[in-house]
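In what follows, a single structure is set out as structure tokens and then discussed.
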Amino acid sequence: MGQVSVSAGWTAQQSAALVSLLSALTAGMGLWGLWLRRQVAARTQALQERLEREAALERSYRQLFEQTHDLIFTVDTSGHFRSGNPALQRALGVDEGTLGEVPLEEVLSPECCETIRRLLEAEEASDAPLRIETRFRGRTGRDLHVDLSLRRTATPEGTPVVQCIGRDMTSRKQMEEELFRSTQMLRMILDATPNRIFWKDRNSVYLGCNRAFAEDCGLPDPEAIVGKTDFDLSWQTDAERYRADDQEVMSTGRPKLNYEEPQTRPDGSIAWLRTSKVPIRNARGEVIGVLGTYEDITAVRQAQEALAHASSLFQTMLEHCPDMIYFKDRESRFVHYSRAFVERYGLTDPNALIGKTDFDIFTEEHARPAYEDEQEIMRTGRPIVGKLEKETHADGRVTWALTTKVPWRNANGEIIGTFGISKDITELKQAEDQLQYERELFQTLLDNIPDAIYFKDRQSRFVRFSRALLQKLPQVERAQDLLGKTDFDIFTEEHARPAYEDEQRIIATGEPIIGKVEKETHKDGRVTWCLTTKMPWRNANGEIIGTFGISKDITELKKAEAELEVVHRRLVDASRLAGMAEVASDVLHNVGNVLNSINVSCSMLLDRVRQNRFANLARVPQLLREHAGRLDHFLTEDPRGKHLPGYLEAVSQALSEQQEFLLSELAQVRDHVEHIKQIVAMQQNYARLAGVEEQIEPVQLMEDALRINAAALTRHTITLIREFDPAPPILVDRHKVLQILVNLIRNAKYAVSDSGRPDKRIIARIRREGEEWLILEIEDNGVGIPAENLTRIFTHGFTTRPNGHGFGLHSSALAAKAMGGTLTVHSDGPGQGARFTLRIPYRASSATA
């Protein structure tokens, strides 16, 4: 051993420390060795326990391997079974010694063998097993359906093998196939049944339905219903009621059967259903949903309603049909009949004729052929339709009936009697006689009426006409000569063409022409006038087959009208002149009033000039000349000179006042003269424009009329109120309007003056009536008009004033009519005032904005 050299500086203390360190290391090494021994013991025990568990697990696996029903085997690269558990051996019918001789292809399907081959050729073991379903055929020839799990692994020697675990699924497959067949059969039954079937969960959410129900929902197939509720379907308005029914069935556990309810279809129509709902229970008896079924009874209800409706119609017909309806059995005895039958024979007991025959009602004359007819109908089955029968009653009365009788058959088509309808045509027979009488009257009318009556076909050719028409046409000698002719053969084109067009228009539209005045120009040069009415001529079916007309000869009337027109024109001219005279009279009256005012002003001026006190003023210059050299002494010392300044001051003031008075009076005279000029100019303007229409403001018309009457209104202290609404200019003869307004204002002035009222008032009003009329009104609160005078106040010569001539309002009404307007009056009676309204139309050239 080598020696340890110690340096000279080494001390005992350092040696002690070294010894202590070595002691500590020795102690640590001992403790570490103890810990290592304990760890080895623990690991050894854990390893033994693991080996025991693995041995137990291997025993369990071996036990499971040998006892499990699953097929467990391995396949090597030779394509044979390398090992297999007892379950596999039993399935193949071999023992462990002969298992390796069984070729894989004889047991498994080619697809499965190919899959195993690919796994064996793989380079690495598979991490996860591969699962496939395959056929497994044993030596007995019995095929099994196996769910096979494949996994590539290797033997301890490194040889690749495929470990397989297969579970026999044959029973499950058979059950699935059976379930599928049952499901298919159930689906076929569900889809084939006409009833609608559905089922829901506890929340009324659809789980399924049959095809008929899906079609009611408007869905393409039953699967589309899954997950929906009634709120998602076309009958969402009924959904709350359906849901309440579901909850009632599920909460009570009791079915709800055969109740009827409405359902809204996808197209909006209403269907009627007969519904049943039962609870669906699970294996524990708990209600987990509801199963419902319903049948569409809409057709049944409609049939029931149709039957009820038909029954109601039949009963209504029996109750209200005016014709006699009756049923008879094979012996021609009455079985049932209508109310008309009862009323016809005055039966107090509606069933009195049940079991009776015609022989109990009529004489042999009618009863026998009626009975024979009915027996013939029942024998041959042929009906009798519309037979005219003369009914002879036992009391001697004779009536007529139009009868139809048909065989009465039961549900099997067997004839069990007859059914008849007899219409009483006694009145019709009487009407036929009356019709013949009226035909004679009509012919008498055509032969004797003075007006021309004629019928024409659709080509406007004469078909029938009165004698008066022939007399009007001297060129037609015989009635036959006019048949088939038209107006073109009688009149000139001037009349024939419009007459033909009128008739064709009537035929096309069915609209008549009433009271048309026609000028008839004959081919011989004569001209006649007629008042014509033409209407469509219809046949029994209401079809227009031509026209008929009545023409009244008014030639003489037209001549009288022409003469009347001449007289009317003269009267209008006279009324216009009278109106102008009225206006002129008012103008002169107003000018006279103004001239009176001018005369008064001139008189006042003359009186004022005559009364001037300035005669001594001429002596002042003389006095001043006399004292020219001593004016200061004269003005201060002389008594006359002292008063001279005051006198001159007074004269100056008086002259100033006189000047103001004269200027004021002269200004009034000038205004009066200007007023006269305006009145005269306005009258000249209206007189010059009489008969000429022009655009004029309505306000100007009213103001001109008021201006003409202004002096009179002021003199009579009448309050004038203007109520003027905006109105556009109007095209009118201003002279005619002024004539009317001046007349109305003057009459209103008289009315309020005669009333004695202190509050005399006249209202001048302008307003519009729609877009077509201008309204000018004069209203007063004067004496009013009695009701009996309102209808004749515009009559020529009517007046209530002692000195009136009764022409003013008449001429005003004529003027209003000539302008296309009207003049009307309204009064609530005596003492209530009156309102005259002039309505004038706006014409095309008038502004209507």
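The values are calculated or read from the model by the stated rules, or taken from the named source; none is laboratory data. Predicted model, so just to flag it, every value in this text is computed and none were measured. Cβ coordinates were reconstructed from backbone atoms using ideal geometry, including for glycine residues, and neighbour counts include every protein chain displayed. With ligands, DNA and RNA removed, areas are computed over all heavy atoms of the protein, side chains included. Shrake-Rupley method; radii C 1.70, N 1.55, O 1.52, S 1.80 Å.
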Taking 25 Å as R0, compute the FRET efficiency from the Cβ-Cβ separation of residue 714 and residue 768 and round it to 0.05. 0.25
Give, rounded to the nearest 20 debye, the magnitude of the charge dipole that segment 372-494 has about its Cα centre when Lys and Arg contribute +1 at Cβ and Asp and Glu contribute -1 at Cβ. 320
Measuring from label point to label point, each 7 Å out along Cα→Cβ, what is the residue 237 to residue 181 span in nm? 4.9
Report residue 342's accessible area, 1.4 Å probe, all protein chains in place, as a number in Å² to the nearest 10. 20
May I ask you to compute the full-extension gain from residue 545 to residue 501, defined as 0.36 nm times their residue separation minus their alpha-carbon distance, rounded to one decimal in nm? 14.3 nm
About its Cα centre, segment 275-342 carries a charge dipole, from +1 on Lys and Arg Cβ atoms and -1 on Asp and Glu Cβ atoms, whose size in debye to the nearest 20 is 240
State the extension gain, in nm to one decimal, for the chain segment bounded by residue 300 and residue 118, taking 0.36 nm per residue of separation less the distance between their alpha-carbons. 58.6 nm
Please list the non-local residues whose amide H lies under 5 Å from the amide H of residue 297, H modeled 1.01 Å from N, same-chain partners needing a gap of 5 or more. 272, 273, 274
Once the dipole of segment 186-273 is set up from charges on Cβ (+1 Lys and Arg, -1 Asp and Glu), the residue from the list 225, 251, 190 lying farthest towards its positive end is 251
As a test of reading the structure, rank 295, 374 by solvent-accessible area (1.4 Å probe, protein chains only), most first. 295, 374
Quick calc: nm separation of the 7 Å Cα→Cβ label points for residue 368 and residue 29 -> 16.6
Cβ-Cβ cut-off under 9 Å around residue 155, Lys and Arg +1, Asp and Glu -1: the net charge is -1
Averaged per residue, what accessible surface does segment 700-849 expose to a 1.4 Å probe, in Å²? 44
Rg/Rh for segment 248-397: what does it come to with C-alpha atoms and Rh from Kirkwood? 1.35
Per residue, accessible area of segment 416-463 with a 1.4 Å probe, heavy atoms of protein chains only, in Å², comes to 61
Modelled FRET efficiency - R0 51 Å, residue 517 with residue 402, Cβ distances, 0.05 increments: 0.55
Which value, in Å² rounded to 10, gives the accessible area of residue 402 with a 1.4 Å probe and all protein chains present? 70
State, as an integer percentage, the relative contact order of segment 172-314 based on alpha-carbon contacts under 8 Å between residues 6 or more apart. 20
Gained length - residue 796 relative to residue 201, 0.36 nm times residue gap less alpha-carbon distance: 204.3 nm
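Return the FRET efficiency for the residue pair residue 384, residue 331: r is the Cβ-Cβ distance, R0 is 22 Å, and the value is rounded to the nearest 0.05.
With a Förster radius of 22 Å, E is 0.75.
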State the percentage of accessible surface on segment 399-519 attributable to carbon and sulfur atoms; use a 1.4 Å probe and exclude ligands, DNA and RNA. 51
SASA check, residue 81, accessible area w/ 1.4 Å probe, all protein chains in place, rounded to nearest 10 Å², comes out at 10
Whole number please: convex hull volume per residue, Cα atoms of segment 721-788, in Å³. 115
Surrounding charge for residue 168, neighbours by C-beta under 10 angstrom, Lys/Arg +1, Asp/Glu -1, total +1
Cα centre as origin, Lys/Arg/Asp/Glu Cβ charges: segment 67-178 dipole, Debye: 200
Taking K and R as +1 and D and E as -1, what net charge do the other residues with C-beta under 15 Å from the C-beta of residue 379 add up to? -2
Going down the list 328/390; 749/817; 485/516; 516/736, which pairs span over 26 Å between their C-alpha atoms? 516/736
